[in-house]
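Visitor: Got a structure here, written out as C-alpha cells. Questions coming.
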2 protein chains.
Amino acid sequence: MINKRPGRVEIIAVGSELLTPHFQDTNSLYLSARLNDLGWTVAFKTIVGDNAEDLRLRLREALRRTELVIVMGGLGPTGDDITREAVAGALGRDLVLQRDVLEGIEDRFRRRQLPMPKPNRKQAFVIRGAAVLPNKNGTAPGQVLMVGRKKIVLLPGPPHELKPMCEESVWPALGKERSGHFSRAVLKVTGLTESMVDALISDLYPKRADLGLTILASPGQIEVHLSAFSAGSGVLAEKKLRRLKSKFMGRLRNHVFSETGDSLEEVVGLLLKKQKKTLAVAESCSGGLISHRLTNVPGSSEYFLEGAVAYSNAAKIELLAVSPDLIKTHGAVSFPVARAMASGIRRRARADLGLAVTGIAGPTGGSPEKPIGLVFTALAWPGGTEVQKNLFLGKREQVKLQSAQKGLDMVRRHLLQNARSKKRRNR
Amino acid sequence: MINKRPGRVEIIAVGSELLTPHFQDTNSLYLSARLNDLGWTVAFKTIVGDNAEDLRLRLREALRRTELVIVMGGLGPTGDDITREAVAGALGRDLVLQRDVLEGIEDRFRRRQLPMPKPNRKQAFVIRGAAVLPNKNGTAPGQVLMVGRKKIVLLPGPPHELKPMCEESVWPALGKERSGHFSRAVLKVTGLTESMVDALISDLYPKRADLGLTILASPGQIEVHLSAFSAGSGVLAEKKLRRLKSKFMGRLRNHVFSETGDSLEEVVGLLLKKQKKTLAVAESCSGGLISHRLTNVPGSSEYFLEGAVAYSNAAKIELLAVSPDLIKTHGAVSFPVARAMASGIRRRARADLGLAVTGIAGPTGGSPEKPIGLVFTALAWPGGTEVQKNLFLGKREQVKLQSAQKGLDMVRRHLLQNARSKKRRNR
C-alpha cells in the first residue's frame, strides 16, 4: 500500500544526561533530515531520562499517535541502560538471548585481545519478534519490530554507531514503504559572510510550497540547503531541484566549494590527487587543526607530506628556516614571516605546495596594532607566493576554525586557478 | 509546604521549525540549569510542532506525570501561534481579553510610532484564572496557572524575552515553593573501557532517591555524573555529594583525570605548567589532533614547543632523526620506531618530554599482523622512554580520537608519577 500523506514519526532520545544543562541531542537533526528525504514528517521529539517507567509510558503514548517510533540510546551494557527492558515491558514481550549477536560481541573483544566483560552479555538480548540491525562500530545492535501496523526502531546513541546503522539498514527498509519524493542539495560556501551570501541570492528565495531553502552559518562556512518535492515521481523532484540549484550556482559560482556534501578538506584532497600535487603545512595559531582536518580524509597520505606546528620562534627558525631577523623586525605575526613560513615548509618537505598560518588566537597576546583575530595565511608554489591578511572575530577556537578554513580555501582556489590556466593553455 | 523529593518538570517547546534538521532548542539548557539550582528535576523534554491537537494531547499527558509543566513558544501574533488556544482547550477553559495587557501592547507600538497591527490583539488574551508575567522585551506576556496542585507556565520562545521573564517573575516564585538543593560532580575517566568502569563501581550505584548517577561513554573517555539532593540545605547536599564522590574516587583513583570539568588537554597543561616542563609532539596516525587539542588551551605556548605531523617516512627520518634501517626492519608502525620518534622530537625541540604516536588509522593499510587500529604511543623523558601497544576499534576518526587521548594520558600519568616520586624523595 502506498501512503499519500507523509507518515508521522516520533523520535525518543533516552539519557538522563540529555536532560541536564550540559548535553544536547544532535542525532535527531540527522534523523530528521534523512526521514524528510524519505517523505516522513517528524511530529514529536522527546527526551526521557534513564527511567524505565517514564520510557514505557512515553512509548505507549507515541504508538497511539505516530506510525513510526525511533528510540535511541540506552542500549549500552550498564545498569542504567534501560531501553531494551523498558520497550519489551511496554509491549508485554520478553527478551531473548540471541546467540549470533553474543558471538559478534565476543568477537569484537577478541579482536582487541580482551575478554568480554560480563555486563556486555546483556547487549545480546533481543525483544521477541524483533529483527536485529547489525552494528559495525559498537557492541549494541539495533532492533526493529512491528506492533500491529506501527513500527518501532531501537538505535544506539553514539552518532558514529547510529549513522552507519541507519544508512545500511534503516533507510533502505523505510524507503520502500513510502512514496512522495524529496530531492535535496547542499551548496557549501566559504570566503563570504552570511550577509554577503544573502545579498547575492535573496531575490532567488523560492516562494512555492514544493521548493525549500534554508541557510546555515558556522565559522568560515555558509551552507545553502535546497529541496524540491514531488508527490508523483523522484525524477520530477530531481528535475525541479536541478533547475533551482543552477540558479543559485549562477550567483555563488566558485565560492561554492562543494555540492555533494564533501568537507573542504575532502575537496582540497580530491584536487591535489587529481593534479598529482603534494602539500605540506606550517601552522602557528591554527595549532595543528589544518593537519588534523587533512588527515581525517582516508588516503591523505598520498598528497599530505607533513605538518609542522611551529608554536615557538625557535621552531619557526629551525624547522622552517625563517630568518631570526625577519621575526625581530616584523614580529612572528606578520606578512613577511607568513610568506617565509610557507616557502620554508615547502622546501623542507620538498612539497609542491606550502601552506602557512600565523596569527593571534587569543585570549591574550593582542595589541592595538595587532589585535586578537589578526591572522596571516600564506601559500607557496613553484612559481611564487601569496599572502592574505585576515581579521577574524570570536574566541580562540573560532579564530582557529576560521584560520584553518581560510588556509584550506587558499589551496583550493589556487588549484582551481591552476586547472583553468592549464585548460586555457591547452586550447 | 516543603516537598521532600525533587519536583519533576516537563519542558515542552512548541514550533515546527524545531522539528526540522536546521534548528535546535537551546532555551531548555538554560531552563534546566536554573530549575536544577532551585531543586527541580527535568524529567522530560518534548518538542511539538505548531499543531494545536498535538499540543493539547501532550499537555494532558505531561500534567499526569509531572508537578510543573513549562510550555515555551507559540505565543506570537500569527495564525500558527497556537499555544494559548491549545492550552486553554486542553484544560477546558476560555480565553479572556485582558485590558491592561492590550494597553501595554498598544503602548509598545506607540513608542515606536507605529499603529498596532490587528493580529497582535490576540496576544492580550489570557487563559481564565492565569496570572500574567510581564514581558519587557516583546509583546507576548507569559502566563502562570494552577490546575489542581499542578502548575503550568507559558513563556515566549525568543531567548531574549524568555530569560529576563524567568529571572524577574518565574524563578522567584518557584524558589519560594521549593526548598530543595542539588549538588553535582563529574568524574572524567580515561584508560578504561565502559565495562571496566562498570565492573569497578557497579556495587556502588546509589539506590536512594536523593542520590543520582549517570555514566557517559565516548571514544577514550568515560564520564561518571554524580548528584546529591537535600530538601533542607545546600550544605547538606554538598556533604552527601562529597561522601558519594569519595566512594567512587576510592575505586577509580588516578584513572580519573578531572573532577572539575576540565578536558584532558587542560589537565595535562596544568601539570606541565606546575612542574615547569615543556612538551613536543610527533604525530603520525593522530595527524595533528594532539597538537590541535593542546593548542586549544589558552596559554599553551608556555609549555607546548612544537608539533610535527610526520606522515611520510622521509619526514620521520629527516625531522625526527629516526634511522631508515629501523623503519626498513620493523616498519613505520612498530614499537622501536615509536620510541625513536618520541626521543627524536624531544631532542629536536629541546623539550623536557617528547610524545609520539604511530599507527594504522584505516580504512586501508591494515594487514593480519598489523591490523587497522594498531597504534603505538611513546613518551620520552630525560631518564628514559615508555612505549605502549594499543588496539583501537572504530573508523579512522575514532582511531585518531583514541590515539590522541591515550597519548595525552601517558603524559598525564608520567607527570603524576613524577610528582609522587619527588614527594617521596623529599620526605
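Visitor: Determine which single condition B:Ala378 fails, assuming it passes every other condition in (1) farther than 23 Å from B:Ile327 by Cα; (2) more than 10 Å from chain A (Cβ to nearest Cβ).
Guide: Going through the list (1) farther than 23 Å from B:Ile327 by Cα; (2) more than 10 Å from chain A (Cβ to nearest Cβ), B:Ala378 breaks only (1).
Visitor: From A:Ala380, A:Ala356, which residue is in contact with a Ser or Thr (Cβ under 7 Å, 6 or more places away or on another chain) and either crowded, with 18+ Cβ neighbours inside 10 Å or assigned by TED's automatic domain parsing to the domain that holds A:Asn254 (or both)?
Guide: Details: A:Ala356 fails: in contact with a Ser or Thr (Cβ under 7 Å, 6 or more places away or on another chain).
Going through A:Ala380, A:Ala356 in turn, just one is in contact with a Ser or Thr (Cβ under 7 Å, 6 or more places away or on another chain) and either crowded, with 18+ Cβ neighbours inside 10 Å or assigned by TED's automatic domain parsing to the domain that holds A:Asn254 (or both): A:Ala380.
Visitor: Follow-up question, since we're still on this one. Out of the residues in segment B:388-401 that are among the polar types (S, T, N, Q) and more than 7 Å from every other protein chain (Cβ to nearest Cβ), state the one that is farthest from B:Thr377 (Cα to Cα). Walk me through it before giving the result.
Guide: To start, the set of residues in segment B:388-401 that are among the polar types (S, T, N, Q) comprises B:388, B:390, B:398.
Going one step further and asking which of them are more than 7 Å from every other protein chain (Cβ to nearest Cβ), we end up with B:388, B:390.
Details: B:Gln388: 5, B:Asn390: 8 Å.
Only one residue fits best here, namely B:Asn390.
Visitor: Can you tell me which residues in segment A:5-39 are more than 8 Å from chain B (Cβ to nearest Cβ), modelled with pLDDT of 85 or more and touching a strand residue (DSSP E or B) at 6+ places or on another chain (Cβ under 7 Å)?
Guide: Answer for segment A:5-39, where residues must be more than 8 Å from chain B (Cβ to nearest Cβ), modelled with pLDDT of 85 or more and touching a strand residue (DSSP E or B) at 6+ places or on another chain (Cβ under 7 Å): A:Arg8, A:Val9, A:Glu10, A:Ile11, A:Ile12, A:Ala13, A:Val14, A:Asp25, A:Asn27, A:Ser28, A:Leu31, A:Leu35.
Visitor: Related question: Have a look at A:Asn296, A:Asn313 and point out the one that is surrounded by fewer than 17 Cβ atoms within 10 Å (Cβ to Cβ) and either within 11 Å of another protein chain (Cβ to nearest Cβ) or within 24 Å of B:Ile317 (Cβ to Cβ) (or both).
Guide: Numbers: A:Asn296 fails: surrounded by fewer than 17 Cβ atoms within 10 Å (Cβ to Cβ).
Result: A:Asn313 is the single residue among A:Asn296, A:Asn313 that is surrounded by fewer than 17 Cβ atoms within 10 Å (Cβ to Cβ) and either within 11 Å of another protein chain (Cβ to nearest Cβ) or within 24 Å of B:Ile317 (Cβ to Cβ) (or both).
Visitor: Give the residue that is surrounded by the fewest Cβ atoms within 10 Å (Cβ to Cβ), with candidates limited to residues of segment B:44-64 that are facing chain A (nearest Cβ under 10 Å) and not in a helix (DSSP H, G or I).
Guide: B:Asn51
Yes/no matrix, rows are residues, columns are (1) within 14 Å of another protein chain (Cβ to nearest Cβ); (2) surrounded by 12 or more Cβ atoms within 10 Å (Cβ to Cβ); (3) outside any loop (DSSP other than H, G, I, E, B):
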| residue | (1), (2), (3) |
| --- | --- |
| A:Thr364 | yes, no, no |
| A:Ser403 | yes, yes, yes |
| A:Asp409 | no, yes, yes |
| A:Arg413 | no, yes, yes |
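Visitor: With the structure loaded, tell me whether B:Gly232 is within 14 Å of chain A (Cβ to nearest Cβ) and not polar (S, T, N, Q) or whether it fails that test.
Guide: Details: within 14 Å of chain A (Cβ to nearest Cβ): no; not polar (S, T, N, Q): yes.
No; evaluated as a whole, the condition is false for this residue.
Visitor: Among the numbered criteria (1) modelled with pLDDT under 95; (2) within 12 Å of chain B (Cβ to nearest Cβ), which single criterion is violated by A:Gly73?
Guide: That leaves (1) as the condition not met.
Visitor: Scan segment B:71-113 residue by residue and report those that are among the hydrophobic types (A, V, I, L, M, F, W, C), surrounded by 15 or more Cβ atoms within 10 Å (Cβ to Cβ) and in contact with a Ser or Thr (Cβ under 9 Å, 6 or more places away or on another chain).
Guide: B:Val71, B:Met72, B:Leu75, B:Ile105
For every residue, the table says whether it meets (1) closer than 22 Å to A:Leu162 by Cβ; (2) more than 14 Å from chain B (Cβ to nearest Cβ); (3) among the acidic types (Asp, Glu).
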{"position": "A:Val96", "(1), (2), (3)": "no, yes, no"}
{"position": "A:Glu103", "(1), (2), (3)": "no, yes, yes"}
{"position": "A:Glu106", "(1), (2), (3)": "no, no, yes"}
{"position": "A:Lys118", "(1), (2), (3)": "no, no, no"}
{"position": "A:Lys122", "(1), (2), (3)": "yes, no, no"}
{"position": "A:Ile127", "(1), (2), (3)": "yes, yes, no"}
{"position": "A:Val144", "(1), (2), (3)": "yes, yes, no"}
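Visitor: It is to be established whether one or more residues within segment A:44-64 are among the aromatic types (Phe, Trp, Tyr), closer than 30 Å to A:Ser183 by Cα and touching a strand residue (DSSP E or B) at 6+ places or on another chain (Cβ under 8 Å).
Guide: Quick first cut of segment A:44-64, residues among the aromatic types (Phe, Trp, Tyr) only: A:44.
Of the ones still in play, those that are also closer than 30 Å to A:Ser183 by Cα are A:44.
If we keep only those that are touching a strand residue (DSSP E or B) at 6+ places or on another chain (Cβ under 8 Å) too, we end up with A:44.
Taking every residue of segment A:44-64 in turn, at least one turns out to be among the aromatic types (Phe, Trp, Tyr), closer than 30 Å to A:Ser183 by Cα and touching a strand residue (DSSP E or B) at 6+ places or on another chain (Cβ under 8 Å).
Visitor: Report every pair of residues separated by at least 6 positions or lying on different chains whose Cβ atoms are under 9 Å apart, first residue within segment B:215-227 and facing chain A (nearest Cβ under 7 Å), second in a strand (DSSP E or B) and of a type in the set (S, T, N, Q).
Guide: Listed pairs, sorted by first residue: B:His225/B:Thr214.
Visitor: How many residues are more than 14 Å from A:Leu75 (Cβ to Cβ) and either of a type in the set (Val, Ile, Thr) or not assigned by TED's automatic domain parsing to the domain that holds A:Cys166 (or both) when one looks only at segment A:131-147?
Guide: Qualifying residue count, segment A:131-147: 1.
Visitor: Return only the number of the condition from (1) touching a strand residue (DSSP E or B) at 6+ places or on another chain (Cβ under 6 Å); (2) surrounded by fewer than 24 Cβ atoms within 10 Å (Cβ to Cβ); (3) assigned to a strand (DSSP E or B) that B:Thr385 does not satisfy.
Guide: (1)
The values are calculated or read from the model by the stated rules, or taken from the named source; none is laboratory data. Since we're looking at a predicted model, the values are computed, not measured. Positions of Cβ are backbone-derived with ideal geometry, glycine not excepted, and every protein chain shown enters the neighbour counts.
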